[in-house]
Amino acid sequence: METEFTPLISLAGGALIGLAAVLLMAVLGRIMGATGVLTGAIVPYTRSDWSWRAAVLAGMVSAPVLAALLTGFRPEITVPVTPLMLVVGGLIVGVGVTFGAGCTSGHGVCGNARLSPRSLVATGVFMVATFVTVFVVRHVVGG
Amino acid sequence: MRLIAGYLIGVIFGMGILISGMANPAKVLNFFDIFGAWDPSLAFVMGGALVVTFIGYRLVLKQPRPLADSKFHLPSKSDIDARLIAGSATFGVGWGIAGFCPGGALPALGTGNTSVMIFVAALVVGIWIATWAQRHVLVAA
């Protein structure tokens with residue numbers, strides 16, 4: 001299934017993601033990683049400061065509601081995979097980001113912006129693994 | 001003050017994710033499908049986010065401390081161990097199967113989309129399992 005190439009709107013969205021990362025560091029001194037925010041919010045007793053993560057999470061979840069109310073914008077969410085693949089993929093992602101200590105936002109944006117060697121390696125590894133997986137799913141299994 | 005700031009920052013992050021296309025698995029998977037229906041948009045998401053964060057962090061981290069905390073909480077680990085590599089590879093496999101990453105899925109929860117809810121429920125269970133395993137099974141590792 002083709003999707004439209006959207007360089008400008010994607011660049012703008014990326015810049016907003018970066019702005020959020022910079023603001024979180026400037027105000028609360030924290031890394032803007034979705035894995036860290038979610039884990040800190042759902043795994044009790046890991047950190048004493050559960051509340052700021054819950055606040056960031058609440059902001060994320062309410063973004064589409066606010067966008068729809070203020071501008072009428074509704075994001076396109078097309079899911080070209082089966083529900084079983086969502087469950088299996090979700091479980092695997094959860095295990096992977098916990099052991100890998102981060103995901104696309106924590107390692108891919110914040111860590112790489114700090115030139116952290118761990119994040120540079122993690123990002124290279126997960127990008128290659130995702131590429132290989134998509135190739136296998138679409139062109140080997142599904143081919 | 002800290003919670004209001006956190007909430008607003010979450011909203012900005014979520015808006016960025018939604019307009020960039022990161023919450024759309026069809027677009028995300030096409031980025032990785034170079035030999036199929038390739039859509040390079042995600043490179044622009046990463047590029048935009050990295051440039052802003054790279055410059056912004058350099059300005060922010062020159063300050064003695066953040067506005068609403070006593071210090072910057074930066075990751076201190078620097079060793080590239082097997083757990084980092086295996087975990088990241090595992091994450092990539094899951095991302096390639098489902099098309100959602102955590103940062104792409106969480107803001108999309110607010111749309112009420114059923115697929116997103118299924119993915120996030122499984123994601124939460126996966127994080128719980130791995131957190132438990134790290135604490136109780138792999139302590140010595």
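Read the figures in this text as sums done on the coordinates, not as results from a lab. These figures come from a predicted structure and were not determined experimentally. Here the Cβ positions follow ideal geometry from the backbone for every residue, glycine too, while neighbour counts run over all protein chains shown.
State whether the residues of segment B:31-45 include one that is in contact with a Gly (Cβ under 9 Å, 6 or more places away or on another chain), touching a residue at least 60 places away in the same chain (Cβ under 8 Å) and within 7 Å of chain A (Cβ to nearest Cβ). Yes, the conditions are met somewhere in segment B:31-45.
From the list B:Ala49, B:Ala23, the lone residue that is part of a loop (DSSP other than H, G, I, E, B), surrounded by 17 or more Cβ atoms within 10 Å (Cβ to Cβ), within 19 Å of the chain's Cα centre (by Cα) and facing chain A (nearest Cβ under 7 Å) is B:Ala23.
The listed residues are A:Gly72, A:Gly142, and the only one of them that is at positive phi, more than 14 Å from the chain's Cα centre (by Cα) and either buried (at least 19 other Cβ atoms within 10 Å of the Cβ) or more than 7 Å from chain B (Cβ to nearest Cβ) (or both) turns out to be A:Gly72.
Across segment B:109-141, what is the total count of residues that are small (Gly, Ala, Ser), within 15 Å of B:Gly87 (Cβ to Cβ) and buried (at least 16 other Cβ atoms within 10 Å of the Cβ)? Let's see the steps before the verdict.
Going residue by residue through segment B:109-141, those that are small (Gly, Ala, Ser) are B:110, B:112, B:115, B:121-122, B:126, B:130, B:133, B:140-141.
Going one step further and asking which of them are within 15 Å of B:Gly87 (Cβ to Cβ), we end up with B:126, B:130, B:133, B:141.
Then drop every residue that is not buried (at least 16 other Cβ atoms within 10 Å of the Cβ), which leaves B:126, B:130.
Counting residues in segment B:109-141 that are small (Gly, Ala, Ser), within 15 Å of B:Gly87 (Cβ to Cβ) and buried (at least 16 other Cβ atoms within 10 Å of the Cβ) gives 2.
Taking the criterion of being at the interface with another protein chain (Cβ under 7 Å from one of its Cβ atoms) and touching a Phe, Trp or Tyr at 6+ places or on another chain (Cβ under 9 Å), the residues of segment B:121-133 that qualify are B:Leu123, B:Ala130. Looking across B:Ile55, B:Ile80, one residue alone is at the interface with chain A (Cβ under 7 Å from one of its Cβ atoms) and free of Cβ contacts under 8 Å to residues at least 40 places away in the same chain. It is B:Ile80. Residues that are surrounded by 20 or more Cβ atoms within 10 Å (Cβ to Cβ) and among the hydrophobic types (A, V, I, L, M, F, W, C): does segment B:75-89 have at least one? Yes - at least one qualifying residue is present in segment B:75-89. Each residue in segment B:89-115 was checked for being part of a helix (DSSP H, G or I) and more than 7 Å from every other protein chain (Cβ to nearest Cβ), and 3 of them qualify. Of the candidates A:Thr98, A:Thr133, A:Thr104, the single residue that is at the interface with chain B (Cβ under 7 Å from one of its Cβ atoms), closer than 21 Å to B:Ala86 by Cα, over 14 Å from the mean Cα position of the chain (by Cα) and not acidic (Asp, Glu) is A:Thr133.
Of the residues making up segment B:59-88, those that are within 23 Å of B:Met1 (Cβ to Cβ) and in a helix (DSSP H, G or I) are B:Leu59, B:Val60. Scanning segment A:28-57 for residues that are facing chain B (nearest Cβ under 7 Å), surrounded by fewer than 21 Cβ atoms within 10 Å (Cβ to Cβ) and of a type outside the set (Gly, Ala, Ser) yields A:Ile42, A:Val43.
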